[in-house]
Amino acid sequence: MMPPRLHWEKNGSGAARGCRNFACVAFGTGIGSCLVLNGQPLEGVHHRAGEIGYWDYGGPSGCWEQRNSAQALMEAARVRTGISSLDGIEFFRRLAAGDPVCRSLFEDWAAQVGRVFANMALLLDMERIVVGGGISAQGEALTAPLQISMDACLPPDFRCGCRVVPARTGNHAALLGAASLLMR
């Protein structure tokens, strides 16, 4: 059975509607993901295909989600700004207002995420990467820099083949997908 998040993104009013090859990547305390190739969810032999959070796994030195989850971005922002109560809403408010610390952190984060997205696009030849999780509430303010960063890491002939888009229902895709599966 298709996982609820994928069901919603592919068959509901989600951002991957009509796509046969896409990834959903959710940024939160970690980085969750799932892949659809040729219209089918990719599960893998051990049902762990698409575990992008463990990309660049280095054993005790950690993995990609420890460096690039939304939580990791906020922790770095709290350290660099000295504001222990800084949350995602305040971070993005400061970013929009031109805070140089938040801008620098976000640019570094977007460059790292874009590089991983470029590798995914090269490896899997996808139509879309749907960005979910609470951070996706930023919409195009989030996905436009990710698209630019991804394209900068791709050979010229591969640019614009894969679009980075926000999940239309933000952090609620899995819940809506589960509900829509129950209502069938």
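The table that follows gives values for the structure above.
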read-out	value
Potential extension, ALA137-TYR54 segment - 0.36 nm per residue separation minus Cα distance	27.5 nm
Global geometry of the stretch 57-150, whether rounded, prolate or oblate, following the gyration tensor of its Cα atoms and the 1.5 cut on a/c	oblate
R0 of 22 Å, Cβ-Cβ distance ILE89-ILE148: FRET efficiency to nearest 0.05	0.40
Sequence-distant residues sharing a close amide H with ARG168 (under 5 Å, placed H)	ALA15
Per-pair calculated FRET efficiency, R0 = 30 Å: LEU37 and CYS160 via Cβ, rounded to 0.05	0.90
For CYS102, net neighbour charge (Lys/Arg +1, Asp/Glu -1) across residues whose Cβ lies under 15 Å away	-1
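Values quoted throughout were computed directly from the atomic coordinates according to the rules given, and no laboratory measurement underlies them. Values in this document were obtained by computation on a predicted structure and should not be read as measured data. All Cβ positions, glycine included, derive from the backbone under ideal geometry; neighbour counts span all protein chains shown.
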